[in-house]
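**Q** Take this structure first; my questions come after.
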Amino acid sequence: MQNTLHLATCSDLRRRILVSLGAGKKPLSGLREELKVSSTTAIHALRELESEKLVFQDVDRGYALTKIGEIVALKLTDFMDAIEVLKMHEDFWLTHDLSGIPPQLFEKIGWLKGSTLLEAPATDFFRVHTEYINMIRTAKEIRGVSSLFIPEFSSLFENLVVDKKMDVKLVVTKEVLKKILEIADQDLLKRVLSDKRFKLRLYMMEEDKKIGLTVTNEFLSLGLFNFDGSYDWNKDLISSNQKAIAWGHELFKYYAKNSKSVRL
């Protein structure tokens, strides 16, 4: 086990070979050109990987991963993606409350690779929130988890759900739900929740988790709380990558499963 771990992780070249072959079989020349190394150097690394049954050379003299090698390469790629996500936006992860993200979604944090941190300049405090509102207006469906109240809820509700017939599902805390009910047109909200022509579903989470998630068919937006309990309106992690969107949907389903459907 120690030998395999050492071979897979302690050499940049061997690591790159495993990741490269994870995309499919390649001849020595292809690996040499892709990795920018000499044939001698590549062959030496390949022989080491072959000794641990991670790589083999087929009858056409092309190099490919064994079944064990495929699993190691997948785990290695996932680990590298996770490190990239965490280091790329290191301050975002270190300075915010992450308790709203369950362990099973942390295991897939590499799916957020390529995400962009949207930050508001000091001269435009609400820029992030404004861009967020503009993005959801063009979506076909919205899934959200929120521990914070959005002042525009009433107007968004009428525009997106009533006028555009958008498919919207929201998981909110007890306090956020209370504020929504205070400002919403009660008769209209009851009608929308009971009428199958409209696609609004509200859920109340059992615990007051600190998170602000929105995932649509086009993008993911993840906002976090500061350690003092205040929401950070200045920073949102956003992505239009399909794996990031899938990550967001899994996080939404986790909360929806552990919440109560709201009936008025």
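**Q** Could you check the stretch 190-219 and list, in sequence order, the residues that are under 22 Å from the mean Cα position of the chain (by Cα) and under 11 Å from residue 144 (Cβ atoms)?
**A** Hits for the stretch 190-219 are 203, 211, 212, 213, 214, 215, 216.
**Q** Do any helices (runs of 4 or more DSSP H) lying entirely in the stretch 115-205 carry at least 1 residues that are under 22 Å from residue 261 (Cα atoms) and either modelled with pLDDT of 85 or more or β-branched (Val, Ile, Thr) (or both), and which ones are they?
**A** Helices (runs of 4 or more DSSP H) meeting the threshold: 174-183, 186-194.
**Q** If you scan the stretch 23-48, which residues turn out to be outside any helix (DSSP H, G or I) and crowded, with 16+ Cβ neighbours inside 10 Å?
**A** 26, 37 - these are the residues of the stretch 23-48 that are outside any helix (DSSP H, G or I) and crowded, with 16+ Cβ neighbours inside 10 Å.
**Q** Would you be able to say whether some residue in the stretch 59-67 is assigned by TED's automatic domain parsing to the domain that holds residue 29, of a type in the set (A, V, I, L, M, F, W, C) and at pLDDT 90 or above? Steps first, please.
**A** Restricting attention to the stretch 59-67, the residues satisfying the condition of being assigned by TED's automatic domain parsing to the domain that holds residue 29 are 59-67.
Still in the list and also of a type in the set (A, V, I, L, M, F, W, C): 59, 64-65.
The next check asks that each one be at pLDDT 90 or above; those that pass are 64-65.
Scanning the stretch 59-67 turns up at least one residue that is assigned by TED's automatic domain parsing to the domain that holds residue 29, of a type in the set (A, V, I, L, M, F, W, C) and at pLDDT 90 or above.
**Q** Considering every residue within the stretch 66-76, establish whether at least one is of a type in the set (A, V, I, L, M, F, W, C), surrounded by fewer than 15 Cβ atoms within 10 Å (Cβ to Cβ), closer than 30 Å to residue 219 by Cα and free of Cβ contacts under 8 Å to residues at least 12 places away in the same chain.
**A** Taking every residue of the stretch 66-76 in turn, at least one turns out to be of a type in the set (A, V, I, L, M, F, W, C), surrounded by fewer than 15 Cβ atoms within 10 Å (Cβ to Cβ), closer than 30 Å to residue 219 by Cα and free of Cβ contacts under 8 Å to residues at least 12 places away in the same chain.
**Q** For residue 246, which of the numbered conditions (1) crowded, with 20+ Cβ neighbours inside 10 Å; (2) assigned to a helix (DSSP H, G or I); (3) of a type in the set (Gly, Ala, Ser) fails to hold?
**A** With respect to (1) crowded, with 20+ Cβ neighbours inside 10 Å; (2) assigned to a helix (DSSP H, G or I); (3) of a type in the set (Gly, Ala, Ser), residue 246 is out only on (1).
The values are calculated or read from the model by the stated rules, or taken from the named source; none is laboratory data. Keep in mind that this is a model prediction, so the values were computed, not measured. Reconstructed Cβ throughout: ideal geometry from the backbone, glycine too, with neighbour counts over all protein chains shown.
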